[in-house]
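> Please read through the structure below; I'll follow up with questions.
The values are calculated or read from the model by the stated rules, or taken from the named source; none is laboratory data. It should be emphasised that the depicted structure is a prediction, and the values quoted were computed from it without experimental measurement. Here Cβ is always computed from backbone atoms with ideal geometry, including for glycine, and neighbour counts include all displayed protein chains. The protein model used for the area step is the full one, side chains on, heavy atoms only, and it has no ligands, DNA or RNA in it. Shrake-Rupley method; radii C 1.70, N 1.55, O 1.52, S 1.80 Å.
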Amino acid sequence: MQAQPAPGSCHYRYTADKQPLPDTKCTPGARNPAVTQANLKSTICVPGYTSTIRPPASVTGAEKSANAKSYDYTGPMNDAEYDHYLPLSWGGDPDDARNLWVEPPSPDHKPGNGPNNPKDIVEAKGHTAVCSGKITLAAAQQAITTDWTTALKTLGLT
């Protein structure tokens, strides 16, 4: 299990429309050094790639609980997602604690329905654009770790 920030040391940020963002001191995002612009076709652009590097639930379950304490998250754990801030499909590091955070539910969430993560839509569109060569990996990574809610606009993908 990765060491987590001290309990209560991380603080969520929120966009004007109340979408959650991580504390940039605790969760700035971290790149996977094995993924580069030069090897996209043999890494993130291979169908199923992320399942080959995603940590198992036996590891992430304990980390999620510890990270929830770091962020003082007290909501139902099944409604939050232990999320890679820099997505695995965008070359995010699968194991670095600086890339993982307990993402609370978005404003339109229905309690008890599990995570609702509109960030997933951003991730899918950006991944397609990186793999098609429409945008660079570095530009995508910078945009999403600055603010996932504005990443597509920043990248000219809206």
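> If I filter region 27-48 down to residues being farther than 20 Å from ALA139 by Cβ and part of a loop (DSSP other than H, G, I, E, B), which single residue comes out as most open to solvent (accessible area, probe 1.4 Å)?
Filtering region 27-48 down to residues farther than 20 Å from ALA139 by Cβ leaves 27, 42, 46-48.
Then keep just the ones that are part of a loop (DSSP other than H, G, I, E, B); that gives 27, 46-48.
Numbers: THR27: 1, VAL46: 59, PRO47: 123, GLY48: 47 Å².
Filtering first and then ranking leaves PRO47.
> Select, from SER51, SER58, the only residue that is within 27 Å of LYS134 (Cα to Cα), open to solvent by 20 Å² or more (accessible area, probe 1.4 Å) and not in a loop (DSSP other than H, G, I, E, B).
Details: SER58 fails: within 27 Å of LYS134 (Cα to Cα).
SER51 is the lone residue from the list that is within 27 Å of LYS134 (Cα to Cα), open to solvent by 20 Å² or more (accessible area, probe 1.4 Å) and not in a loop (DSSP other than H, G, I, E, B).
> When the residues of region 117-144 are filtered to those that are touching a strand residue (DSSP E or B) at 6+ places or on another chain (Cβ under 9 Å) and of a type in the set (S, T, N, Q), which remaining residue is farthest from SER70 (Cα to Cα)?
GLN141
> Right, another one. If we keep just the residues of region 3-26 that are open to solvent by 70 Å² or more (accessible area, probe 1.4 Å) and assigned to a loop (DSSP other than H, G, I, E, B), which is nearest to CYS131 (Cα to Cα)?
Step one: list which residues in region 3-26 are open to solvent by 70 Å² or more (accessible area, probe 1.4 Å), which gives 3, 7, 11, 13-14, 16-18, 24-25.
Still in the list and also assigned to a loop (DSSP other than H, G, I, E, B): 3, 7, 11, 16-18, 24-25.
Values: ALA3: 33, PRO7: 38, HIS11: 33, ALA16: 31, ASP17: 30, LYS18: 30, THR24: 27, LYS25: 30 Å.
Once the filter is applied, the top-ranked residue is THR24.
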